[in-house]
Amino acid sequence: MSKRKVKDVHRPIGECITQVQQILRERFCHQQLPDRPEGLEAQYKHLLELLRRSAIQGESNSVLIVGPRGAGKTMLLQCVLRDLLQEKEAQKNLLQVHLNGLLQTDDRIALKEITRQLNLENVVGDKVFVSVQTEYYEQILENKTAEKSPGDRSSSRPVLFVLDEFDLFAHHKNQTLLYNLFDVSQSAQTPVAVVGVTCRLDVLELLEKRVKSRFSHRQIHLLSSFGFSEYLQTVRTQLSLPDDFTDRGFAQDWNSSIQTLCEDKSVEEALQRHFNSSKDFRSLHMLLMLCLSRVSVSKPSIKPADLLDASRLCLCDAKANMLHGLSILELCLIIAMKHLNDVYEGEPFNLQMVHNEFKKFLQRKSNSMYNFEQPVVMKAFEHLQQLELIRPVDGSSAKTQREFQLMRLMLDHSQIMEALQKYPQCPTDVKQWAMSAFG
């Protein structure tokens, strides 16, 4: 009786809102691994069996996990490792090395990271690796894994290499890291499992012949196969409060308001747009976090207008928004670049061409626009390059004078026109120039 009274007690609205914020923020930011990955049972079983053979039986393996961003590649691997390490033998034997193609940008950095994660700095010492060779990898792995007999494979501890953004490692010079890892995995010295995680379907085409011949060609494909109804149910689940919430009355009101929110037609349309653009749950959590930030004591529930505003923030074009803060001169230079793109069908341009195009406009509309000097125009051009609205053409010579260096515009017609419509106090002549066919 007393327990029920405690559960049914009504807490102040401020305390309830604080608790809601805490529970949902933890849910969105610190995602907990599911007991079993939903819809990925076959892939889970395949990967677990593969890594179990490496961890317990000392079998060398290599596999690629391929799928679009947000499909659950990392989550699948983490679930498999969590369940695998619950087995005592695997927990005792398995060594792990996690590398990321965005961080380990060349083989020297990767080798240092491998030695750091295997706690082998003292063994390797201050030796400088002028060229990364297979013998060094074998030496590192043997120093760490051999326990009793150096040539006895059964006495070596297996090493798991996880290569996130695997396709970026293929761009390393001569693909030395990949070659050595796959080569060591085929040697009889140390059991090694190499798991690559990538979102590129054509990743095997990036590998050199010698690397490809040492890879096992095992691939685990993950596809975002769930539909919009499952996506909508996920939104409802993510926003709902648990049954053990302190104030049960508040929790029931909150959950019923979430149910009503998900049934709203405008909300469904907004979520459909998100679903069509990306099925990534990280982008969904960002959307829901923006909705949650609008909840307060005066507004203790999420309204359809909150989700629509959050949706507009998430889907807004960052580059188009950046154009709103440019000066009139910088905007005119972008319009000149747009006309050059139209005339020369997307060919690269340089500052001199852009300035000449701008001068033509000034000659026609000299009354409404100020004639800027060359250094001022160059400064505005450099600012556009710093904002990455334009970029140098690949392979353009660094010795070329700045005004003749070839550039490309990183904006399309719709982005420029949208920015012009929203630009505060934009001169009419500039708008007309932008809308004219070829300036």
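Computed quantities for the displayed model
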quantity	calculated
Region 261-294: number of residues that are closer than 23 Å to Arg11 by Cβ and open to solvent by 10 Å² or more (accessible area, probe 1.4 Å)	2
Positions within region 182-198 being part of a strand (DSSP E or B) and under 14 Å from Arg218 (Cα atoms), in sequence order	Ala193, Val194, Val195, Gly196, Val197, Thr198
Selection count where residues are closer than 30 Å to Val267 by Cβ, open to solvent by less than 60 Å² (accessible area, probe 1.4 Å) and either touching an Asp or Glu at 6+ places or on another chain (Cβ under 8 Å) or of a type in the set (D, E, K, R) (or both), scope region 307-366	3
Scope region 14-35; condition touching a helix residue (DSSP H, G or I) at 6+ places or on another chain (Cβ under 6 Å), assigned to a helix (DSSP H, G or I) and either within 12 Å of Leu241 (Cα to Cα) or without any contact (Cβ under 8 Å) to a residue 60 or more places away in the chain (or both); matching residues	Cys16, Leu24
Residue check for Leu384: at pLDDT 80 or above, in a helix (DSSP H, G or I) and open to solvent by less than 30 Å² (accessible area, probe 1.4 Å)	yes
Selection within region 213-239 - farther than 19 Å from Met75 by Cα and either crowded, with 16+ Cβ neighbours inside 10 Å or among the hydrophobic types (A, V, I, L, M, F, W, C) (or both)	Arg214, Phe215, Phe228, Leu232, Leu239
Which numbered condition Gly249 fails, given (1) more than 30 Å from Leu284 (Cβ to Cβ); (2) assigned to a helix (DSSP H, G or I); (3) over 26 Å from the mean Cα position of the chain (by Cα)	(1)
Where Glu59 falls short, out of the listed (1) at pLDDT 85 or above; (2) closer than 22 Å to Ala170 by Cβ; (3) assigned to a loop (DSSP other than H, G, I, E, B)	(2)
Among the residues listed as Leu95, Leu81, Leu64, the single one being surrounded by 17 or more Cβ atoms within 10 Å (Cβ to Cβ) and closer than 18 Å to Val203 by Cα	Leu64
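The values are calculated or read from the model by the stated rules, or taken from the named source; none is laboratory data. No experiment lies behind these values; they were computed from the predicted model shown. Cβ coordinates were reconstructed from backbone atoms using ideal geometry, including for glycine residues, and neighbour counts include every protein chain displayed. Remember, those area values only see protein heavy atoms, side chains included, never the ligands or the DNA or RNA. Shrake-Rupley method; radii C 1.70, N 1.55, O 1.52, S 1.80 Å.
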